[in-house]
Amino acid sequence: MKWTVYLIRHGKTEGNLRRAYIGVTDQPLCEAGKQELAWWSGRLPRPDALWCSPLLRCRQTAQILYPAVDAQICQKLRECDFGAFEGKNYEQLKGHPAYQRWLDSGGTIPFPGGEDPMAFRVRSVSAFQAIARQATQQHPGGTLAIVCHGGTIMAVLEALVAPHEFYRWQVPNAGGYRFSYDAETGQAAEIVKFTPGGGR
């Protein structure tokens, strides 16, 4: 069973404008984020299955992109809990010993008071696999859209395509990746990055 999958990062929030670590903080989209998402109106195909993270910024994004499609919620798609770094940006954290240790680790050690990034990656991949299985049970293939977070997208594509290349798959707000996914083999191919305004 083959699917065309769209992994879409939510639109901008106030925290994104500040380049802050926004994980479990349930921020809404900011006005700039809503306007950026409006560019996609009519440009994305209607999905046969639509899933999204439970966080408000993702639910709002799904509603703007696909107003006539009901999104199913997957709790495991939520962003990583950044713990003590939550809501802060680099300028606020630089010089902090715990933050420097995290940077020196390549972003692999647990966030102080938050989630283990490696466990987060496992959770994200597990969520994608569960969604793909359920979608395949309901449809013989088609278009699957998942509205989630930047970290979630990076975790999924790292697992499907390029092990140990997590940061290769960074994508801006309101952008994402389209690819062909074989639900039987778990293989992804024909990966295309897309961003608002049609850039890559």
>> Take the residues in segment 1-23 that are in contact with a Cys (Cβ under 8 Å, 6 or more places away or on another chain) and in a strand (DSSP E or B); name whichever of them is nearest to GLN170 (Cα to Cα).
In response: ARG9
> Do we find that ASP116 is under 20 Å from LEU50 (Cα atoms) and either more than 14 Å from the chain's Cα centre (by Cα) or among the small types (Gly, Ala, Ser) (or both) in this structure?
Replying inline: no
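Would you call GLU158 of a type in the set (D, E, K, R) and out of contact with any strand residue (DSSP E or B) (no Cβ under 7 Å at 6 or more places or on another chain)? Don't jump to the end; show me each part of the working.
Working: of a type in the set (D, E, K, R): yes; out of contact with any strand residue (DSSP E or B) (no Cβ under 7 Å at 6 or more places or on another chain): yes.
Yes: the conditions hold for GLU158.
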>> I'm checking my understanding of the structure. Among residues of segment 94-139 that are of a type in the set (Gly, Ala, Ser) and part of a loop (DSSP other than H, G, I, E, B), which one is surrounded by the most Cβ atoms within 10 Å (Cβ to Cβ)?
In response: GLY114
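Which ones in segment 73-93 are of a type in the set (A, V, I, L, M, F, W, C) and assigned to a loop (DSSP other than H, G, I, E, B)?
We begin by selecting, within segment 73-93, every residue of a type in the set (A, V, I, L, M, F, W, C); these are 73-74, 77, 80, 82, 84-85, 93.
Within segment 73-93, CYS74, CYS80, PHE82 meet the criteria.
Every residue in segment 140-167 that is assigned to a helix (DSSP H, G or I), over 17 Å from PRO54 (Cα atoms) and among the small types (Gly, Ala, Ser), please.
First, pick out the residues of segment 140-167 that are assigned to a helix (DSSP H, G or I): 150-160, 166-167.
Next, only the ones that are over 17 Å from PRO54 (Cα atoms) stay: 154-160, 166-167.
Once the filter is applied, which keeps residues that are assigned to a helix (DSSP H, G or I), over 17 Å from PRO54 (Cα atoms) and among the small types (Gly, Ala, Ser), segment 140-167 yields ALA155, ALA159.
Throughout, read-outs are computed from the coordinates displayed, never taken from laboratory work. Note that the coordinates shown come from a computational prediction; the quantities given were computed from them, not determined experimentally. Backbone-built Cβ (ideal geometry, glycine too); neighbour counts: all protein chains shown.
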